[in-house]
Amino acid sequence: MLFKDRRFAGQVLAKELVADTNRPDVLVLGIPRGGVPVAFEVAKALNAPLDVLVVRKLGVPDQEELAMGAIASGGVRIVNKYIISLVKISDEVIARVAVQEERELERREQLYRGNRPLRDLEGRTVILVDDGLATGATMWAAVVAVRKQQPAQIVIAVPVAAPETCHELETEVDKIVCVSTPSDFHSVGLWYENFPQTTDEEVCDLLAKAVKNGEPISLGM
C-alpha cells in the first residue's frame, strides 16, 4: 500500500483502532518528528489526548541511517549489540554519539513541551505512533520509556513496517497494529508518495491546531 502522505496514513491507521474511540484511558503519543502528523490524525479520530514522546536514534558514524541504538525521554538508552559487534563500534564512540543526541533530545523536549511536567501514564492505555518502522530502534526505546511508568497497556501503531521488525516488537507490547508489512520493505519513505522531512514548526503547529480545534490534547506527558 502506498500512502499519499503522513496525514493520510494517520487516517488509514485510525480505522484500525476504532475500538479505542472515546475511551477515557487512552493516550496517543506521537514520536517526533515524523510520527506526529500521523498521531494527530489518530488522536483526532479516536477523540483521545495527543502528546509527544521524544526519542532519538543513535546512528553509526558515517552511516547515520543505521541505528546502533536509541535514547528516549526519561533517561532511557538502548543499544543494538548485533550492530555494534558487526560494525565494531567502541564504547567511546557510543558515548560520544549519545551525548550529541541527548542535546538534540533536550532541545526538542524544551521546544515541544516547555516547562510542563511529565504526565503520569500509570493505568493508561498508551498508543505509540510513528510514520513507520525500519529497524525499530526508536520504537524499542519508546516502549522502554513508557513501560517505566506502568501503563495498563502499550499499543504500537504504524502505517508501514518491516515484517521482521513488526514480528520482533509484537512480543514486547500488548498489541501492535501495522497497516502494511511489505516483504520488499527497504525503507519507510518508499511507501509514501510524499515524504518530506517533518519540521519542528510543523510539529508545533499541529499541537497548537489540536488545542484550537478543541481536541483533548495534553502536552504534559
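Bear in mind that the values in this text are calculations on the coordinates, not laboratory data. Please read these numbers as outputs of a predicted model, since none were measured by experiment. Ideal geometry is used to build each Cβ from the backbone, glycine not excepted, and the neighbour counts take in all protein chains shown.
Rounded, prolate or oblate for the stretch 57-112? Axes are the square roots of the Cα gyration tensor eigenvalues, ordered a ≥ b ≥ c, and the cut-off for rounded is a/c under 1.5. Prolate, since a/c reaches 1.5 and a/b exceeds b/c.
With the charge dipole of the chain set up from +1 on Lys and Arg Cβ and -1 on Asp and Glu Cβ about the Cα centre, the Cα lying farthest toward the positive end among the listed residues SER183, ALA137, GLY30 is that of GLY30. Seen against the Cα atoms of the chain and their longest principal axis, helix 200-212 is set at about 20 degrees. Of the peptides 42-48, 68-74, the order by per-residue mean of other Cβ atoms within 10 Å, starting with the highest, comes out as 68-74, 42-48. Put the Cα centre of the stretch 150-186 next to the Cα centre of the stretch 30-72 and the gap is 14 Å. Which percentage, to the nearest 5, of the DSSP beta bridges contained in the chain is antiparallel? For the chain, the DSSP antiparallel bridge percentage is about 35.
What the Cβ-Cβ distance of ASN22 and ALA208 gives, at R0 = 41 Å and to the nearest 0.05, is a FRET efficiency of 0.95. With a cut-off of 11 Å on the backbone N, the residues of the stretch 1-26 near the modelled label site 7 Å out from ASP174 along Cα-Cβ are 25-26. With contacts taken as Cα pairs under 8 Å at a separation of at least 6 residues, the chain carries a relative contact order of 26 percent. Here the gap between GLN149 and ASN115, fully extended at 0.36 nm per residue and compared with their Cα-Cα distance, gives a gain of 10.3 nm. Can you grab the distance from the C-alpha centre of the stretch 2-26 to the C-alpha centre of the stretch 106-148, Å, no decimals? After rounding, the separation between the Cα centres reads 18 Å. Run the helix sum for the chain: -39,500 (n - 2.57) per DSSP H stretch of 4+ residues, divided by residue count, reported at 222 nm to the nearest 500 deg cm²/dmol. When only DSSP H runs of four or more count, the value is -11500 deg cm²/dmol.
Residue ranges 28-36, 156-164 sort as 28-36, 156-164 when ordered by packing (mean number of other C-beta atoms within 10 Å per residue, highest first).
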